[in-house]
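Okay, so here's the structure we're looking at.
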Amino acid sequence: MLSWDESVFRDEHVFEIDYLPETFQHRDSQLESLKYALRPAVRGSRPLNTVIRGPPGTGKTTAVQKLFGELGGQSDVEVVRVNCQVDSTRYAVFSRLFEGVFEYEPPSSGISFKKLFGQLTDRLVEEETVLVVALDDINYLFYENEAGDTLYSLLRAHEAHPGTKIGVIVVSSDLSLNVIEELDTRVQSVFRPEEIYFPRYGVDEIRSILRERAARGFHEGVIGTPELESVAERTADSGDLRVGIDLLRRAGLHAEMRASRTVTDEDVDAAYEKSKHVHLSRSLRGLGDSERALLSVLLEHDGKRAGAVYEVFHGETGLGYTRYSELVNKLDQLGIIDASYADVEGRGRSRELSLAYEPSAVRDRLE
Ligand SMILES: Nc1ncnc2c1ncn2[C@@H]1O[C@H](COP(=O)(O)OP(=O)(O)OP(=O)(O)O)[C@@H](O)[C@H]1O
Ligand SMILES: [Mg+2]
């Protein structure tokens, strides 16, 4: 182990999940499109609504944060990004918007949605503020059946409260979810968004982004070109840049543990065993108690039929079949489990539930 004051890191913070990179390469066209959609807000008009789609770790949240940083500096424009993994109901989303606009939380005694909504829109109209809302990871609102109502309230706010100007950016990383088609017609009729796509980064793009991050985060000479290449290639396997950033950090920590001032292939290999699961860790972090309970049951009954798993799950939690099915669908859509239909002789089709990851990786991260 290196002594306390010795480190391979110049600035370890640049490898943390909430770090907003200074330079944001390879996303110029997406940033331009988003800027175009948001520009009216600066003039006091309602911005164009936008849907941002793309696989995990492709810079969607970063793009929103970058532009919100610029836009938030304008007077008469208020920007709020809602993390729907955390705030996954309409009420929770509006509480977050209230907090963003008023700069204090809504009364914890609980007020009706109607009141919350009314106070928010009154304030926007009074102050002539344009509100730009980003519903980040909106797929979580869909899993909870809250997306339609939430969008409906946001998009029709000006009808219930004339003068309200709200623009919505919807962000989804679930490519199997067709955000617009999944909405009911009453929402679709008022939602004609611009669409912006964030494709996976190629290995060259990954390499250049990670090289820059490594230069900021490590002291000079800590990581060489071959090691960086190995990190870039492993990252390209999933296309999720988070894997690469996590891998750099863990490889650095591993080198320190060996009392080494340089990162070797051995450090990268060891770190990858953990880093390859960053996506799983992130998905699990957003789960509630019921989903976790279901996963615990599945750890003991991997590959069994949905009916059999339900019996155990119901016995442990008391939850009914409808809720159970919702939870199964959610875990399936998140890619944590596979719930595929299999023909069972004499009994028609039934679902089999299996974990999509090594059970030990799931178990370690559930605790
Ligand atoms: N072009 C880029 N340049 C530098 N860093 C980037 C770039 N794109 C993404 N990153 C970094 O990669 C990580 C993941 O990016 P981000 O959170 O924006 O992805 P995302 O598309 O929102 O993913 P998810 O769909 O899983 O939420 C962040 O740490 C971010 O700093
Ligand atoms: Mg994101």
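The values are calculated or read from the model by the stated rules, or taken from the named source; none is laboratory data. These numbers come from a predicted model, not from an experiment. Cβ placement follows ideal geometry from the backbone for every residue including glycine, while neighbour counts extend to all protein chains displayed. For accessibility, only protein heavy atoms count, side chains too; no ligands or nucleic acids. Shrake-Rupley method; radii C 1.70, N 1.55, O 1.52, S 1.80 Å.
Of the residues E345, E300, the single one that is under 18 Å from R363 (Cβ atoms) and out of contact with any Pro (no Cβ under 6 Å at 6 or more places or on another chain) is E300. Scan the range 155-178 for residues that are polar (S, T, N, Q) and either more than 16 Å from ligand 1 (Cβ to nearest atom) or modelled with pLDDT under 95 (or both) and jot them down. Of everything in the range 155-178, those that are polar (S, T, N, Q) and either more than 16 Å from ligand 1 (Cβ to nearest atom) or modelled with pLDDT under 95 (or both) turn out to be T164, S173, S176, N178. Taken over the range 214-246, the criterion of being away from ligand 2 (no atom under 16 Å from the Cβ), touching a residue at least 60 places away in the same chain (Cβ under 8 Å) and among the small types (G, A, S) is satisfied by G217 alone. Open to solvent by 20 Å² or more (accessible area, probe 1.4 Å), part of a helix (DSSP H, G or I) and touching a Phe, Trp or Tyr at 6+ places or on another chain (Cβ under 8 Å): is that true of L116 in this structure? No, not satisfied.
Among residues of the range 230-245 being within 9 Å of ligand 1 (Cβ to nearest atom) and charged (D, E, K, R), the one that is most open to solvent (accessible area, probe 1.4 Å) is R242. If I ask for residues that are polar (S, T, N, Q) and part of a strand (DSSP E or B), which ones from the range 337-367 would you list? The answer is S340, S350, S354. Counted as qualifying within the range 283-336 are the helices (runs of 4 or more DSSP H) with 1 or more residues that are open to solvent by less than 60 Å² (accessible area, probe 1.4 Å) and more than 30 Å from G57 (Cβ to Cβ), namely 306-317, 321-333. Scanning the range 15-29 for residues that are within 16 Å of ligand 2 (Cβ to nearest atom) and either open to solvent by 100 Å² or more (accessible area, probe 1.4 Å) or basic (K, R) (or both) turns up I17, D18, R27.
Being of a type in the set (D, E, K, R), within 15 Å of ligand 2 (Cβ to nearest atom), in a helix (DSSP H, G or I) and closer than 15 Å to S172 by Cα is a condition met by at least one residue of the range 53-61.
Note on the range 44-60: residues that are near ligand 1 (Cβ under 7 Å from one of its atoms) and touching an Asp or Glu at 6+ places or on another chain (Cβ under 6 Å) amount to 2. Inspect all residues belonging to the range 10-20 and state whether any of them is at pLDDT 95 or above, away from ligand 1 (no atom under 16 Å from the Cβ), assigned to a loop (DSSP other than H, G, I, E, B) and more than 19 Å from Y197 (Cβ to Cβ). Looking through the range 10-20, at least one residue is at pLDDT 95 or above, away from ligand 1 (no atom under 16 Å from the Cβ), assigned to a loop (DSSP other than H, G, I, E, B) and more than 19 Å from Y197 (Cβ to Cβ). So, V187, is that one within 16 Å of ligand 1 (Cβ to nearest atom), among the β-branched types (V, I, T) and open to solvent by less than 30 Å² (accessible area, probe 1.4 Å) or not? Considered against the rule, which asks whether it is within 16 Å of ligand 1 (Cβ to nearest atom), among the β-branched types (V, I, T) and open to solvent by less than 30 Å² (accessible area, probe 1.4 Å), V187 comes out as no. Looking at the range 4-14, is at least one residue farther than 30 Å from H219 by Cα and open to solvent by 60 Å² or more (accessible area, probe 1.4 Å)? No: the range 4-14 contains no residue that is farther than 30 Å from H219 by Cα and open to solvent by 60 Å² or more (accessible area, probe 1.4 Å). Does the range 65-83 contain at least one residue that is crowded, with 16+ Cβ neighbours inside 10 Å, assigned to a helix (DSSP H, G or I) and under 15 Å from the mean Cα position of the chain (by Cα)? Yes; the residues of the range 65-83 include at least one that is crowded, with 16+ Cβ neighbours inside 10 Å, assigned to a helix (DSSP H, G or I) and under 15 Å from the mean Cα position of the chain (by Cα). For the range 90-98, the criterion of being closer than 25 Å to F198 by Cβ and open to solvent by 10 Å² or more (accessible area, probe 1.4 Å) is met by at least one residue.
Just a yes or no: is a residue in the range 84-93 in contact with an Asp or Glu (Cβ under 8 Å, 6 or more places away or on another chain) and outside any loop (DSSP other than H, G, I, E, B)? Yes, the conditions are met somewhere in the range 84-93. Being away from ligand 2 (no atom under 16 Å from the Cβ), touching a residue at least 60 places away in the same chain (Cβ under 8 Å), closer than 30 Å to A236 by Cα and open to solvent by less than 40 Å² (accessible area, probe 1.4 Å), is that true of even one residue in the range 194-213? Within the range 194-213, one or more residues are away from ligand 2 (no atom under 16 Å from the Cβ), touching a residue at least 60 places away in the same chain (Cβ under 8 Å), closer than 30 Å to A236 by Cα and open to solvent by less than 40 Å² (accessible area, probe 1.4 Å).
One line per residue, one yes/no per condition, for (1) assigned to a strand (DSSP E or B); (2) touching a residue at least 40 places away in the same chain (Cβ under 8 Å):
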residue: L131; (1), (2): yes, yes
residue: A134; (1), (2): yes, yes
residue: L141; (1), (2): no, yes
residue: T150; (1), (2): no, yes
residue: L154; (1), (2): no, no
residue: E159; (1), (2): no, no
residue: V168; (1), (2): yes, yes
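Of all residues in the range 255-282, those that are open to solvent by 10 Å² or more (accessible area, probe 1.4 Å), touching a residue at least 40 places away in the same chain (Cβ under 8 Å), part of a helix (DSSP H, G or I) and over 14 Å from G244 (Cβ atoms) total 4. The residues of the range 159-184 that are within 26 Å of K114 (Cα to Cα) and open to solvent by 70 Å² or more (accessible area, probe 1.4 Å), listed by number, are E159, P162, K165, E182.
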